[in-house]
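Below is one structure; the comments refer to it alone.
The values are calculated or read from the model by the stated rules, or taken from the named source; none is laboratory data. All values derive from a computational prediction rather than experimental measurement. Don't worry about glycine lacking a Cβ; one is built from the backbone with ideal geometry, like all the others, and counts go over all protein chains shown. These area figures cover heavy atoms from the full protein model, side chains too; ligands, DNA and RNA do not enter into them. Shrake-Rupley method; radii C 1.70, N 1.55, O 1.52, S 1.80 Å.
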Amino acid sequence: MKKLSARAKITLWFSIALILIVLLTYILIFSVNHQVIQKTIRDNLIETVENNVDEIEFYNYIGKDDFENDIDFFLQYGDVYLEIDDDFLDEVNQVYTALYTSDGEFVYGENIIASETAKLEFSNSSVQKITVEGELYYIYDKQLEAKGLEGLWLRGVVSETQGEQDFTTTARISLIILPLLVIAAIVGGFFLAKHVLSPIKQISDAAAKIRQGDDLKQRIEIGDGNDEIHQLAEQFNGMFSRLEDSFKAQQQFVSDASHELRTPVAVILAQCELSEQKNDGKTDDIKIIERQGKKMNRLINDMLSFTRMELNPQRYAFERLNFSELCEMLCFDMSLIKEKDITLEAELEEKIFINANSELISRLISNLISNAYRYGNQNGHIWVKLESEGGMTMLSVRDDGIGIAREEQQNIFRRFYQSDSSRSSGGTGLGLAMAKEIAQLHGGEISVESILGQGSTFTLTIEKLAK
Ligand code: ADP
């Protein structure tokens, strides 16, 4: 359950609730309806028989006129006569009524299960049950008490399935309609949940983009609205704006500070030169000051170009760039560095084009190659390889230098991070952070593979343009 999305959870919960409600409704419809129908059938039976009681009369003698003018029915019963009124209902709503003598002899009326009920004793004013061919019948007997009618019985018969038909049609319709409604509600709910939850997805996507790419310009766009989700999105956007503002202010400060520091550092370095001329050579103190001054100068320049790039990336125009030629040029220039007698070999696929800013991309590649020199071993090697696969191109810079410990690999792209072993290397700790930033600005990414003591490979992956 924990792994399910919020959308799936909501849909699942209300689907289960709906199905339970429908099942409960079915049970209620079936049981209540069944009971009501059974009671109605029995009441109907009793009422019909009771009404028929009054429709039977006794006569000692009947005149000729009585036979001719009356539409009622007369029949001889022993020495006397019985008059069955025309209101006597021998069949109404499938309730059958018949008149019997107390010996069970049929006198008048209708009984569809006469032979089966013949064995059944008369039981005054009570409902009995009998099953005939799997069908249940209710029987209601009534003893006639009027003068002259003693010893006669009325027997009413009705089948249990009478009236069931109407019920089963209702049940059948509800059996089809209710599940259809449930399915419609579940499908509707599924899409509604998607609709309601999509802004949350947008919020989380925007937050993820900010986290991955440090892109504080991201905003959540979910249109107009005043519900809780819109308020949440608004709060998030407000937070992103404030973060962006304070981050910009911080970058601006670093940029301004670096800029201001340039002049004093330039003056210090110039004074070192002057003192060399005065003293006919540099003293040890001056050498230390000059070395640190130069390091500070590199740091200031790196910080300045980094913050400028971040504050104003649009000043770097992108163009269709022949990546193969650019790499070849840089490899040639840098192979001239005669550091630790390291040899640089290049294997470059031709005619690879990318959409890039040549100044930034050159800075990225030079950073990787200078690191390979800086952390390479005496008489070591650097291999630069440019290749492409699918729509992507990969530039890798491999060395057989000191390598990077596994636990340090995730830190080396952070600003000012330097491993302990490389603190005295003269670097500033900003090279890889800048390389990563440049790669992201180009929609690409940079990765590292390294084994301590054996060497490292840095790979830039970037989309290539058609030839
Ligand atoms: P730095 O100016 O110190 O070189 P970077 O940001 O370029 O700063 O690199 C950060 C750290 O990553 C370095 O201090 C070093 O420890 C490690 N590193 C970078 N490139 C290599 C490499 N080719 N071989 C070994 N370690 C490297």
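Below are the figures for this structure:
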| quantity | calculated |
| --- | --- |
| Accessible-area composition of the range 337-398, carbon plus sulfur, in percent [1.4 Å probe] | 44 percent |
| Total formal charge among the other residues, if their Cβ is under 14 angstrom from that of Lys351, Lys/Arg +1 and Asp/Glu -1 | -2 |
| Unit charges on C-beta of K, R, D, E only; dipole of the chain, Debye | 6220 debye |
| Antiparallel DSSP beta bridges within the chain, as percent of all bridges there, nearest 5 | 90 percent |
| Share of carbon and sulfur in the accessible heavy-atom surface of the range 98-146 [1.4 Å probe, %] | 42 percent |
| Accessible surface ranking that places the most exposed of Trp13, Trp153 first, with a 1.4 angstrom probe | Trp13, Trp153 |
| Linear extension gain, Val132 paired with Leu75, 0.36 nm per residue minus alpha-carbon span | 17.4 nm |
| Anisotropy class of the range 190-234 from Cα gyration tensor, a/c 1.5 cut | oblate |
| Listed residue pairs exceeding 22 Å between alpha carbons, taken from Lys39/Lys119; Lys217/Lys248; Lys39/Lys129; Lys119/Lys142; Lys278/Lys338 | Lys39/Lys119; Lys278/Lys338 |
| Percent accessible area from carbon and sulfur atoms, the range 182-221, protein chains only, probe 1.4 Å | 64 percent |
| Cα gyration tensor shape of the range 261-374, rounded if a/c is under 1.5, else prolate or oblate by comparing a/b with b/c | oblate |
| Among 240-250, 44-54, the order from most to least packed when residues are scored by Cβ within 10 Å on average | 44-54, 240-250 |
| Accessible area expressed per residue, the range 311-438, with surrounding protein chains retained (probe 1.4 Å, Å²) | 51 Å² |
| Whole-Å distance, taken between Cα centres, linking the range 1-24 and the range 325-374 | 59 Å |
| Angle in degrees between helix 6-53 and the longest Cα principal axis of the chain, rounded to the nearest 10 | 0 degrees |
| With Cα atoms, 0 to 90° folded angle of helix 323-335 axis to the chain main axis | 40 degrees |
| Contact order relative to length of the chain, as percent, for alpha carbon pairs under 8 angstrom and 6 or more apart | 9 percent |
| Partner lysines for Lys294 [C-alpha distance under 19 Å; skip if fewer than 8 residues away on the same chain] | Lys282 |
| Gyration tensor verdict on the range 425-467 (Cα atoms; rounded if a/c is under 1.5, prolate if a/b is larger than b/c, oblate otherwise) | oblate |
| Set of lysines near Lys464 by C-alpha distance (under 16 Å), chain-local residues within fewer than 8 positions excluded | Lys351, Lys385 |
| Sequence-distant aspartates and glutamates (8 or more away, or on other chains) whose Cα lies within less than 14 Å of Lys147 | Asp54, Glu55, Glu57, Glu83 |
| Accessible-area order (highest first, 1.4 angstrom probe) of the listed residues Met239, Met392, Met303 | Met239, Met392, Met303 |
| In nm, spacing of pseudo-spin labels at Lys3 and Gln454 (7 Å Cα→C-beta vector) | 3.5 nm |
| 222 nm mean residue ellipticity, helices alone, for the chain (DSSP H n ≥ 4; -39,500 (n - 2.57); rounded to 500) | -17500 deg cm²/dmol |
| Angle between the chain longest axis and helix 164-213 axis [Cα atoms, degrees, rounded to 10] | 10 degrees |
